[in-house]
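Enquirer: Can you read through this structure? Questions will come right after.
Just so it is clear, none of the values below were taken in a lab; they were calculated from the coordinates. Keep in mind that this is a model prediction, so the values were computed, not measured. Note: ideal-geometry Cβ built from the backbone for every residue, glycine included; neighbour counts use all protein chains shown.
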Amino acid sequence: MIHLTRRERFNAAHRLYNPKWTDEKNKEVFGNCSNPNWHGHNYVLYITVKGELRDDEGWVIDLKQLSKVVDEHVIQKLDHKNINVEVDFMKDKRASTEVLAIEIWNVLVDEIKQLGADLHCIKLTETENNFVEYYG
Ligand code: NI
């Protein structure tokens, strides 16, 4: 068993906001992150896969194929987009780093299986000081 990690980056806007709450309550809970005029982050996404080494190639997964799948299903949907309003797999969800990491996992897990490896971890960095890890 060996693990391999691919790094990708995207820029996106969001707002932490719960529509069940008043603007005042949202402001109280989420502070500046609830700014109605949005704010953005330079996200860094680490996709770690695991599997057995394939003797013929000497790798666990074809990185070109992995990169293509991640670009098509995740990066193109998120990069330079508003997470709250433009991203299909985030519809009606809280645009937190935690939820985003979980939903990226859900989008990728079967796609990576089809490439012959297992998704191990989604690590998502929102700022230099904050990141989350999701292991399914
Ligand atoms: Ni934010």
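Enquirer: Decide, for the range 71-136, between rounded, prolate and oblate: order the square roots of the alpha carbon gyration tensor eigenvalues as a ≥ b ≥ c, take rounded if a/c falls under 1.5, and otherwise choose prolate if a/b is larger than b/c, else oblate. Display every interim value, and only then the final one.
Expert: Numbers: a/c = 1.85, a/b = 1.27, b/c = 1.46.
Oblate is the answer for the range 71-136, as a/c is 1.5 or above yet b/c matches or exceeds a/b.
Enquirer: Compute the relative contact order of the chain as a whole-number percentage, counting only Cα pairs closer than 8 Å that sit 6 or more residues apart in sequence. Intermediate values should be presented prior to the final figure.
Expert: Working: 237 pairs, mean separation 41.7, N = 136.
Answer for the chain is 31 percent.
Enquirer: Name the residue, out of GLY40, GLY31, GLY116, whose mean-square fluctuation peaks in a Gaussian network model built on the chain with Cα pairs under 10 Å.
Expert: Looking only at GLY40, GLY31, GLY116, the biggest GNM fluctuation is shown by GLY31.
Enquirer: Can I ask one more? When the chain is modelled as a GNM with alpha-carbon springs shorter than 10 Å, which of LEU124, LEU78, LEU115 fluctuates the most?
Expert: Maximum among the listed residues: LEU115.
Enquirer: Can you find, among LEU53, PRO36, ALA117, the residue sitting farthest towards the positive end of the charge dipole of the range 24-136, where Lys and Arg contribute +1 and Asp and Glu -1 at Cβ?
Expert: Value: PRO36.
Enquirer: Can you tell me the dipole magnitude for the chain around its Cα centre, using point charges on the Cβ only (Lys, Arg +1; Asp, Glu -1), in Debye to the nearest 20? Spell out each step's value before the answer.
Expert: Values: 18 positive and 23 negative charges, 80 e Å.
Dipole about the Cα centre, nearest 20: 380 debye.
Enquirer: On a 31 Å Cα-Cα criterion, which of the cross-link pairs LYS20/LYS64; LYS20/LYS123; LYS68/LYS93 come out too long?
Expert: On the way: LYS20/LYS64 43 Å; LYS20/LYS123 29 Å; LYS68/LYS93 26 Å.
Pairs exceeding the cut-off: LYS20/LYS64.
Enquirer: Sticking with this one: Quick one: among VAL29, VAL44, VAL60, which has the greatest mean-square fluctuation in a GNM of the chain with alpha-carbon springs under 10 angstrom?
Expert: Most flexible of the set in this elastic network: VAL29.
Enquirer: Same structure again: Assuming 0.890 mPa s and 25 °C, estimate D for the chain with Stokes-Einstein, Rh taken as the Kirkwood radius over Cα pairs, in µm²/s. All intermediate terms of the calculation are to be shown ahead of the outcome.
Expert: Values: Rh = 15.8 Å.
The estimated diffusion coefficient comes to 155 µm²/s.
Enquirer: Please identify the DSSP H helices in the chain that span no less than 24 Å along the helix axis (Cα) and have a mean Kyte-Doolittle hydropathy of 0.0 or more. Write out the running numbers ahead of the final one.
Expert: On the way: long enough: 97-114 (26 Å, 0.50).
Length and hydropathy pass: 97-114.
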